[in-house]
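Colleague: Can you read through this structure? Questions will come right after.
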Amino acid sequence: MPSAHRVALVLVDGIGDLALPSLGFRTPLEAARLPNLDALAAAGVNGLMDPVEPGLACGSDTAHLSLLGYNPRVYYRGRGAFESMGAGLPMAPGDIAFKSNFATVDEESGIVTSRRADRHFEALGPVLCAALDGCRLHAFPDYQVNVRYATEHRCGVVVRGPGLSGNISGTDPLKDNLPLRTVEGLDGTPEAEHTARVVNAVSDAFRAILRGHPINAQRVAEGKNPANVVLLRGCGIRIQVPSLAAQAGVVPCMVAPTKIIAGLGLSLGMDILEAPGATGDYRTQLTSKAAAIAAALAAPAAPLPRVQVPGVEGSQPSGQAAGYDFGFLHIKAVDDAGHDRAGGLKVALLEAVDAMVGQLAARLWAAQAAGGPRYTLLVTGDHSTPVDYGDHSHEPVPLTACALADFVARRGEARVVSVDMAPFPLPRAATVEQTTSAPASVEQEADVGDGPPSGDAVRTFSEVAAARGSLGRFPGSCLMTLVKQCIGETN
């Protein structure tokens, strides 16, 4: 049964960074104005977390496995299954799946000129996926291919048939202006070699369909990149693991419009909550995410049956009160800004996350003040995505954990309850001024408040400040222990 203590974990994808000259040699977290996150840090306990282990530049999938208590070196079986399941494709034992990109290839040279045909593909992606779904492989008639649109330029692909192996490479060259790769077996087994031939046939069939699709003819006429190839990457099978509820003793739910994270949650038996307007990209509606998590965590402690998606256990909540005591809220856009090397945009997006944290705290405080459960807020990330690199890196990420009542005392109840709850759009790169933000002012420091003594001397939320926290530096595998301690379930 859920506890009277409940935890909301806000996971900001790609949160960490390095000091940028354009930001006065501060990180985006240091440059951003974050009154709510700073108050959480000032009233709570802080530390630096290596999502998997020190020195490892991990992917979001392996990081999330580690953070939720599953050693990725033991359980990881490729990201393709996560993306495909999150996109709505059921997977059975023996199926293989890919996290895939709509991309652009030069038909004559075979050079992939752009690994992302278009990041904003939400209107056209589903149409192209429908054209590819169920395509026939004439040389391999016993194999079934299914495709679903995921997010931005991505789709999930599942291949079903006899004798398939997940130990194969993909077609993604990993960088622009390199040749499209041919799939190869990785372990020398007949199954892997056979699977490579099947998947190369899938790649060829997709190219043939996309080459003649009217959408691509129109894009070429408009001077845009055609989406004439699907990069098949991250081949994986569905992992078989104990559910998070069984392993950690919590009743979990998740808001994660990013399909790879939703699919990972489904693989662990987590309920995936609907949040209208949440998209997992720059268009996402953060207010809706906060409302969904707050409503789930405020529900009565009476778990109800879950609605099932075929082939996926624990897939969707019934839409009724389920008594969750662990809510996981994933935010992707900050990571996209790192990949897009947009420092000013990353600062602005972090400030938007701070505003959402204020809305989440207000909703949860209303429930707690009305006699509901007691809440703790945790905020952290899954890896660093430095703007200078445009990719994931190995730096640790900050973590803060704070009892909601302590945050309210520090921030001031009047401020917490009067927060603007209206939905707001995320900032766009075109509207963000790429100039150095002003240093934190005395007035901004005063926003942290003078509440009760905290667990350490940290007063702001950033990579540098978190290094002084009482939690020290620790691996991501310890996160669920901290969650259980907050809930009160630790033995």
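Colleague: What list of ³J(HN,Hα) couplings, whole Hz, do you get for region 147-154 from phi and the Karplus terms 6.51, -1.76, 1.60, once you set θ to phi - 60° and write x for glycine and proline?
Modeller: 3J(HN,Hα) across region 147-154, in whole Hz: 9, 9, 5, 10, 9, 6, 9, 10.
Colleague: How far apart, in nanometres, would the label points at residue 92 and residue 224 be if each is projected 7 angstrom from Cα along the Cα-to-Cβ direction?
Modeller: About 3.8 nm, to one decimal.
Colleague: Would you mind calculating the relative contact order of the chain from Cα pairs under 8 angstrom and at least 6 residues apart, reporting the percent as a whole number?
Modeller: 31
Colleague: To the nearest 20 debye, what is the magnitude of the charge dipole of the chain about its Cα centre, counting +1 on the Cβ of each Lys and Arg and -1 on the Cβ of each Asp and Glu?
Modeller: Around 700 debye, computed over the chain.
Colleague: Next question, about the same structure. Residue farthest toward the positive end of the dipole of the chain, with Cβ of Lys/Arg at +1 and Asp/Glu at -1: which of 426, 234, 31?
Modeller: Value: 234.
Colleague: Return one quarter of the surface area of the convex hull spanned by the alpha-carbon atoms of region 81-236, equal to its mean projected area, in nm².
Modeller: 8.5
Colleague: Separate question: Quick query: amide H of residue 473 versus all other amide H atoms, modeled in the peptide plane; which residues come in under 5 Å with a sequence gap of 5 or more or a different chain?
Modeller: It is 48, by chain and number.
Colleague: Quick one: putting +1 on the C-beta of Lys and Arg, -1 on the C-beta of Asp and Glu, what dipole do you get for region 140-210 around its Cα centre, in Debye to the nearest 20?
Modeller: In total the dipole reaches around 240 debye.
Colleague: In whole Å, what are the extents of region 154-297 along the principal axes defined by its C-alpha atoms, from largest to smallest?
Modeller: Here the Cα extents, ordered largest to smallest, are 48, 46, 26 Å.
Colleague: Right, here's the next one. Got a sec to turn the phi values of region 74-80 into Karplus ³J(HN,Hα) couplings, 6.51 cos²θ - 1.76 cosθ + 1.60 with θ = phi - 60°, whole Hz, x for Gly and Pro?
Modeller: Each residue's phi maps through the Karplus curve to give 9, 9, 5, 10, x, 8, x Hz.
Colleague: So, one more: Can you tell me which of 369-381, 264-276 comes out highest on packing, and rank the rest after it, using the mean Cβ neighbours within 10 Å?
Modeller: Packing order, densest peptide first, comes out as 264-276, 369-381.
Colleague: Could you work out the relative contact order of region 81-236, using alpha carbon pairs under 8 angstrom and six or more residues apart, expressed as a whole percent?
Modeller: 31
Colleague: Counting other C-beta atoms within 10 Å, and keeping those with at most 10, which DSSP coil chymotrypsin sites (Phe, Trp or Tyr not before Pro) do you find in region 33-109?
Modeller: Answer by residue number: there is no such site.
Colleague: What value, in deg cm²/dmol to 500, does the helix sum -39500 (n - 2.57) over DSSP H runs of n ≥ 4 give at 222 nm once divided by the residues of the chain?
Modeller: Roughly -9000 deg cm²/dmol at 222 nm, from the helical runs in the chain.
Colleague: Right, here's the next one. May I ask you to order 355-362, 334-341 by the average number of other C-beta atoms within 10 Å around their residues, highest value first?
Modeller: Highest-to-lowest ranking by the protection proxy: 355-362, 334-341.
Colleague: Another one. In square nanometres and to one decimal, what's the mean projected area of the convex hull around the Cα atoms of region 120-190?
Modeller: 6.1
Colleague: May I ask for the net charge around residue 372, where only other residues with Cβ less than 13 Å from the Cβ of residue 372 are counted and Lys, Arg are +1 while Asp, Glu are -1?
Modeller: +2
Colleague: Taking H as built 1.01 Å from N, whose amide H comes closer than 5 Å to the amide H of residue 284, not counting residues under 5 places away?
Modeller: So residue 284 has HN proximity to 279.
Colleague: When a footprinting reagent is the concern and you count Cβ atoms within 10 Å, what order do 418, 22 take, fewest first?
Modeller: 418, 22
Colleague: Please work out the FRET efficiency for the pair residue 366 and residue 283, using the Cβ-Cβ distance as r and a Förster radius of 35 Å; give the result to the nearest 0.05.
Modeller: For residue 366 and residue 283, the calculated efficiency is 0.80.
Colleague: Quick one, which of (i) 144; (ii) 128; (iii) 181 is the actual volume of the Cα convex hull per residue in Å³ calculated for this model?
Modeller: Structure-derived value, by its label: (i).
Colleague: I'd like the trypsin sites (Lys or Arg not before Pro) in region 65-163 restricted to DSSP loop residues with at most 12 other Cβ atoms within 10 Å, sorted by number.
Modeller: When the trypsin sites (Lys or Arg not before Pro) of region 65-163 are filtered for loop state and at most 12 Cβ neighbours within 10 Å, 136 remain.
Colleague: If we sort 213-225, 28-40, 287-299, 172-184 on the protection proxy, mean other Cβ atoms within 10 Å, highest first, what's the order?
Modeller: 28-40, 287-299, 172-184, 213-225
Colleague: Quick one: of 99/484; 175/332; 332/484, which pairs are farther than 29 Å apart, Cα to Cα?
Modeller: 99/484
Colleague: Let me ask you something else. What is the fewest-to-most order of 354, 382 by other Cβ atoms lying within 10 Å of their Cβ?
Modeller: 354, 382
Colleague: What FRET efficiency, computed as 1/(1 + (r/R0)^6) with R0 = 41 Å and r the Cβ-Cβ distance, is obtained for residue 142 and residue 429, rounded to the nearest 0.05?
Modeller: Efficiency computed from Cβ-Cβ geometry: 0.30.
Colleague: What are the residues whose amide H is under 5 Å from the amide H of residue 20, where those residues sit 5 or more places off or on another chain and H is modelled from the backbone?
Modeller: Counting only residues 5 or more places away or on other chains, the set is 25, 26, 27.
The numbers here are math on the coordinates, done by the rules we state, and not lab data. Nothing here was measured: the structure is a model prediction, and the numbers come from that model. Quick reminder, even Gly has a Cβ in these numbers, built from the backbone with ideal geometry, and neighbours come from all protein chains shown.
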